[in-house]
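Have a look at the structure below, then the notes.
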Amino acid sequence: MSILICDDNEDLREILSVILKDKYKVITAKDGLEGVTKFIQHRPKVVLMDLKMPEMDGIEATKRISEMEPDTCIIGFTAYATTKAKEFLNAGLKGIIEKPIKMSKLVEQINLICNVQNFTNH
């Protein structure tokens, strides 16, 4: 199964890639615009989406991805969860993981949020 990581922090993208590569085929994007483009190319089943990014923020990118593929498990991954949570969730998120997170808990959190969906055929 593939996962798309959309975050403007290059170091964080790299760390997340290393942590998640054993469980997922990892695709990364530096902003929402690139994230939407890579989503179209790869159609990952899970997306980790930062809120604040240049070019296109996470809310707009989430809306666009959700319109194309409503069953995608898009998870907000942000330090700003409390201030924009409702808008972010209304855009099509399945859940929010707040930064900072213990990296040892990341896969567990992704599974908790996304397990309500059936990914067995993908």
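Where a number appears in this text, it was derived from the coordinates with a stated rule and is not lab data. Everything quoted here is computed from the prediction, not taken from an experiment. A quick note on method: Cβ atoms are made from the backbone with ideal geometry, for glycine too, and the neighbour counts reach across all protein chains shown.
Residues with beta-carbon under 11 Å from that of residue 63, excluding residue 63: net charge, scoring Lys, Arg +1 and Asp, Glu -1? Write down the numbers at each step before the final one.
On the way: positive: 64; negative: 57, 60, 67, 87.
Value of the local net charge: -3.
How far apart, in nanometres, would the label points at residue 43 and residue 18 be if each is projected 7 angstrom from Cα along the Cα-to-Cβ direction?
3.3 nm
Could you work out how much longer the chain between residue 69 and residue 86 gets when fully extended? Use 0.36 nm per residue separation minus the Cα distance between them, nm to one decimal.
Details: separation 17, 0.36 × 17 = 6.12 nm, distance 2.05 nm.
Residue separation times 0.36 nm, minus the Cα-Cα distance, leaves 4.1 nm.
Before rounding to the nearest 500, sum -39500 (n - 2.57) across all DSSP H runs of length at least 4 in the chain and divide by the residue total; then give [θ] at 222 nm in deg cm²/dmol. Don't skip to the answer; put the middle values down first.
Details: 5 runs with 52 residues, N = 122.
Value at 222 nm, helices only: -12500 deg cm²/dmol.
Pull out a ≥ b ≥ c, the square roots of the eigenvalues of the alpha-carbon gyration tensor of region 6-74, then state rounded if a/c is under 1.5, prolate if not and a/b is larger than b/c, and oblate in the remaining case.
Values: a/c = 2.01, a/b = 1.18, b/c = 1.69.
Verdict is oblate for region 6-74.
Looking at region 1-90, which trypsin sites (Lys or Arg not before Pro) are in a loop (DSSP not H, G, I, E or B) and have at most 11 other Cβ atoms within 10 Å? Can you show the working numbers first?
Numbers: sites: 13, 21, 23, 25, 30, 38, 45, 52, 63, 64, 84, 86; in loops: 21, 23, 30, 45, 52.
Listed in order of number, the matching sites are 21.
What Cys residues in the chain have no fellow cysteine's beta-carbon under 4.7 angstrom?
Isolated Cys, the chain: 6.
Where Lys and Arg each count +1 and Asp and Glu each count -1, what net charge lies around residue 44 among other residues with Cβ under 13 Å from its Cβ?
Details: positive: 23, 25, 38, 43, 45; negative: 69, 71.
Once all neighbours under 13 Å are counted, the net charge is +3.
Kindly give Rg over Rh for the chain, based on alpha-carbon atoms, with the Kirkwood expression for the hydrodynamic radius.
Working: Rg = 12.7 Å, Rh = 13.9 Å.
Dividing the radius of gyration by the Kirkwood radius yields 0.91.
With Cβ to Cβ distances under 9 Å as the rule, what net charge do the other residues near residue 3 carry (K, R +1; D, E -1)? Present the calculation step by step, with values, prior to reporting the outcome.
Details: positive: 23, 25, 45; negative: none.
Spelling it out: positives minus negatives among the neighbours equals +3.
Among bridges DSSP assigns within region 2-114, what percent are antiparallel (round to 5)?
Numbers: 0 of 17 bridges.
So the antiparallel bridges amount to about 0 percent of the total.
If you stretched the chain out fully between residue 52 and residue 101, how much longer would it get, using 0.36 nm times the residue separation minus the C-alpha to C-alpha distance? Intermediate values should be presented prior to the final figure.
Working: separation 49, 0.36 × 49 = 17.64 nm, distance 1.69 nm.
So the extension gain works out to 15.9 nm.
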